[in-house]
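Here's the structure, in structure tokens; my notes come after.
Readers should treat all values here as calculations from the given coordinates under stated rules, not as data from a laboratory. Predicted model, so just to flag it, every value in this text is computed and none were measured. Methodologically, a virtual Cβ is constructed for each residue, glycine included, from the backbone with ideal geometry; neighbour enumeration extends over all protein chains shown.
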Amino acid sequence: MKSFRGGFTLIELLVVLIILSLLAGLVLPRMMGRTEEAKRQTAEVQIRSLENALALYYADNGTYPTTEQTLKALVEKPSIEPLPQKWKGPYLEKGILPKDPWGKDYIYLSPGVHLPEFDLLSYGKDGVQGGDGEFADIENWNIGRK
């Protein structure tokens, strides 16, 4: 009687491991780049949402919050002059001021340097002003123009 030995040989296992390694080498870098791209797109969407909330604030009060009042004016009535007379907030859903996808506060300047009403931006992945590629800032005056 012949005995049958089941299982894989060492060569077969090595071939499978090599194939899996090659696939991982091709797929993982593409997936990693998508994560950063998704974060940048999320920041753009949040900036647009903040712009809409600022437009509602302006419609009620006739002015935008000042730089000193910060974006917190969208979720709680400012106590710093000039006090809004017709504040009807919160102007953001659930009364929560979002942080950028990297966990930092959005930068808000009013009046703006680049736009007369306000500038709104995130310093991106590195959290430092300026940069290129995945380290580039996301700015309301440049969204859709890059």
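Taking θ as phi - 60° and the Karplus parameters 6.51, -1.76 and 1.60, the scalar couplings of the range 115-129 work out to 10, x, 6, 6, 10, 9, 7, 10, 7, x, 4, 7, x, 10, 4 Hz in sequence order, x denoting glycine and proline.
Under 13 Å of direct C-alpha separation, and excluding same-chain neighbours fewer than eight residues apart, K94 reaches these aspartates and glutamates: E76. Computed from Cα positions, the angle between helix 10-61 and the longest principal axis of the chain comes to roughly 10 degrees. Using C-alpha pairs below 8 Å separated by at least 6 residues, the relative contact order for the chain is 18 percent. Cross-link check: pairs K39/K77; K72/K125; K86/K125 evaluated at a Cα-Cα cut-off of 32 Å; pairs beyond the cut-off: K86/K125. Taken about its Cα centre, the chain carries a charge dipole of about 820 debye when Lys and Arg each add +1 at the Cβ and Asp and Glu each add -1 at the Cβ.
State whether the range 65-118 is rounded, prolate or oblate according to the following rule on the C-alpha gyration tensor (a ≥ b ≥ c being the square roots of its eigenvalues): a/c under 1.5 gives rounded; otherwise a/b larger than b/c gives prolate, and the remaining case gives oblate. The partial results should precede the final answer.
On the way: a/c = 2.04, a/b = 1.07, b/c = 1.90.
Oblate.
Classify the range 42-91 from the C-alpha gyration tensor, please: rounded if a/c falls under 1.5, else prolate or oblate depending on whether a/b exceeds b/c. The shape class here is prolate.
Per-residue extension of 0.36 nm, minus the Cα-Cα distance of A136 and E68, leaves a gain of 21.9 nm for this segment.
Bridging of K104 to aspartates and glutamates at a Cα separation below 12 Å is possible for D126, once same-chain residues fewer than 8 apart are set aside.
Add +1 for every Lys or Arg and -1 for every Asp or Glu among the other residues with Cβ under 15 Å from the Cβ of T67, and state the total. List each step's numbers first, then the result.
Working: positive: K72; negative: E68, E81, D105, E117, D119.
Once positives and negatives cancel, what remains is -4.
Remark: spin-label model distance Q85-V128 equals 4.7 nm, labels positioned 7 Å along the Cα→Cβ axis. Rounded to the nearest 0.05, the FRET efficiency derived from the C-beta distance between V75 and R34 at R0 = 30 Å is 0.45.
Applying both filters, DSSP loop and at most 16 other Cβ atoms within 10 Å, to the GluC sites (Glu not before Pro) of the range 83-146 gives E117.
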